[in-house]
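One structure is given below, represented as structure tokens, and several questions about it will come after.
Every number in this text was worked out from the coordinates using simple rules, so none of it is lab data. Here the structure is a predicted model, which means the values were calculated and not measured. Note: ideal-geometry Cβ built from the backbone for every residue, glycine included; neighbour counts use all protein chains shown.
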Protein chains: 2
Amino acid sequence: MERQWRGVVFIATSVDGFIARKDDDIGWLTDPDSTISHMAEVGAGAAGDYDEMRKRVDHLVMGRGTYEKVLTFDAWPFDNIPVVVLSTSLPQDADTRVTVARSVAECVELLNERRSTGVYIDGGKTIQAFLDADLVDEITITRAPVLIGSGIPLFGSLQHDVRLSLRAVAAKEGYLHAQYEVVRP
Amino acid sequence: MERQWRGVVFIATSVDGFIARKDDDIGWLTDPDSTISHMAEVGAGAAGDYDEMRKRVDHLVMGRGTYEKVLTFDAWPFDNIPVVVLSTSLPQDADTRVTVARSVAECVELLNERRSTGVYIDGGKTIQAFLDADLVDEITITRAPVLIGSGIPLFGSLQHDVRLSLRAVAAKEGYLHAQYEVVRP
């Protein structure tokens, strides 16, 4: 699909690749065991810098699952960025803070119309759909130092291999950040 | 289970966590696209050094799947290390180059009797079984810069979270090595 924007994934997983437990819990990610010591910090700022990534995107796309999770937060955290929710069922006018897109194609069209230059793609299913539609250009994965055994996986099946170029790594307090660029054949 | 040896995992996966395709293919790991450029090497020798790991182990444990894969190689690659194959069905005297253990418990007993001090644990199912039985002390994962979408996963379900301490990282030619120590509560 033709587009002028970069698709950016920026997400954290357990070492075994889950973005949340099956019940959506992310305490294993946000509440590390502070009694565990880790190697000294390396590559500070080279990868995993949310603020730097945030400056390069002008829209946020998420699935209905992530949207409903965000609704449980005390406050809407995305006042500074337009949000598109990918959902076949959410009413178009349900929430004035978001725009609903019914399909990935409709979402791409909307982002093109909006003259987006960078899109932050969030949530497991949305990331998987965008990857499989070749709409992801950059992936930063932060691995939290824990195995949780089961949960909601970051990645899913693909029609083709996705080759990556490793661009930057950083390690801080046991969290390992790796930034990749998607390489097209 | 009581033991005097360290359980060591040293394995490569795709960024989406597979150790091989479903048909056992590892070409995506062993034959990288050399036209892709990556970040400059960092942390050389700090993690992912096979020879260094190899000096710290005196036995190799694998499952029947890995054993049968190794049999397809041109030559037996483990002349310098005693090999234990975990299998309920492989005849005890099928191959004089290996010792067969019928269960994880029998394997632990054998390694204790042999006065092992370090055990290299290989193969997805064996690693999962040893992790779940709390027999792994150290995990080095090398991530090849590719998503393959499906295959044989490194990790499986766990009875409990496994907390990790990040000890060393290294990046070379797009491969990201991370060495973790298992932390017990």
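GNM, chain B, Cα, under 10 Å: largest mean-square fluctuation among B:164, B:86, B:60?
Fluctuation is largest for B:164.
If amide hydrogens are placed 1.01 Å from N in the peptide plane, which non-local residues have theirs closer than 5 Å to the one on residue A:152?
The list, which skips near neighbours in sequence, is A:19, A:20, A:21, A:22.
Would you work out the relative contact order for region A:6-183, in percent, from Cα pairs under 8 angstrom that are 6 or more residues apart?
For region A:6-183, the relative contact order is 39 percent.
Right, another one. Using amide H atoms built in the peptide plane, which far-off residues or other-chain residues are under 5 Å from residue A:100 H to H?
A:85
Skipping prolines and chain starts, which residues have an amide H placed within reach, meaning under 5 Å, of the one on residue A:59, given they are 5 or more residues away or on another chain?
Here the answer is A:118, A:120, since their amide H atoms fall under 5 Å of that of residue A:59.
Still on this structure, I have one more. Using the Cβ atoms and a cut-off under 9 Å, what net charge is assigned to the surroundings of residue A:147, where Lys and Arg are +1 and Asp and Glu are -1?
-1
Run the dipole for the protein assembly as shown about the Cα centre, Lys and Arg Cβ at +1, Asp and Glu Cβ at -1, nothing else charged, and hand back the magnitude in debye, nearest 20.
The calculation lands at about 60 debye.
Treating only the Cβ atoms of Lys and Arg (+1) and Asp and Glu (-1) as charged, compute the dipole magnitude of region A:100-180 about its Cα centre; round to the nearest 20 debye.
240
If you take every DSSP beta bridge fully contained in chain B, what fraction is antiparallel? Give it as a percent rounded to 5.
45
With each pseudo-label sitting 7 Å past Cα toward Cβ, what's the residue B:80-residue B:56 distance in nm, one decimal?
Computed distance between label sites residue B:80 and residue B:56 equals 1.7 nm.
Filter the cross-link list A:55/B:172; B:22/B:125; A:125/A:172; A:22/A:69; A:69/A:125 down to pairs whose alpha-carbon distance in this structure exceeds 20 Å.
Numbers: A:55/B:172 29 Å; B:22/B:125 14 Å; A:125/A:172 28 Å; A:22/A:69 13 Å; A:69/A:125 14 Å.
Long pairs (Cα-Cα over 20 Å): A:55/B:172; A:125/A:172.
If you don't mind, another one. Sort A:49, B:31 so the one with the fewest other Cβ atoms within 10 Å of its own Cβ comes first.
Ranked by crowding around the Cβ, least crowded first: B:31, A:49.
With θ set to phi - 60°, apply the Karplus curve 6.51 cos²θ - 1.76 cosθ + 1.60 along region B:133-141 and write out the HN-Hα couplings as whole Hz, x wherever there is a Gly or Pro.
Coupling constants for region B:133-141: 8, 6, 10, 10, 10, 8, 10, 10, 10 Hz.
Mind listing the label-point distances from residue A:81 to the same position on all other copies, shortest first, one decimal in nm, points 7 Å along Cα→Cβ?
4.4
Here's something else I'd like to know. Put a point 7 Å out from Cα along the line to Cβ at residue A:30; what are the distances to that point in the other copies, in nm, shortest first?
Result, one decimal in nm: 4.5.
Top mean-square fluctuation among A:25, A:16, A:134, Gaussian network model of chain A, C-alpha springs under 10 Å?
Largest GNM mean-square fluctuation: A:25.
Further, regarding this structure: Run the label-point distances for residue B:106 please: 7 Å along Cα to Cβ, every other copy, nanometres, shortest first.
Label-point distances to the other copies, shortest first: 5.9 nm.
What ³J(HN,Hα) values, in whole Hz, does the Karplus curve 6.51 cos²θ - 1.76 cosθ + 1.60 give for region A:26-43 when θ = phi - 60°, with x put for Gly and Pro?
So the J values, rounded to whole Hz, are 10, x, 4, 8, 8, 10, x, 6, 6, 7, 8, 8, 10, 4, 5, 4, 9, x.
Report, for the protein assembly as shown, the % of DSSP beta bridges that are antiparallel, rounded to 5.
If we restrict to bridges inside the protein assembly as shown, about 45 percent are antiparallel.
Taking θ = phi - 60°, what integer Hz values does the Karplus form 6.51 cos²θ - 1.76 cosθ + 1.60 yield along region A:154-162, in sequence order, with x for Gly and Pro?
Karplus-based 3J(HN,Hα) across region A:154-162 equals 5, 9, x, 5, 9, 6, 9, 4, 10 Hz.
Let me ask something else about it. In chain B, what residue has the beta-carbon at the shortest distance from the axis of the rotation relating B to A, and what is that distance in angstrom, rounded to the whole number?
Per the Cβ-to-axis criterion, the result reads B:17, 2.
In what order do A:39, B:1 fall by count of nearby beta-carbon atoms within 10 Å, going from fewest to most?
Placing the least packed residue first, the sequence is B:1, A:39.
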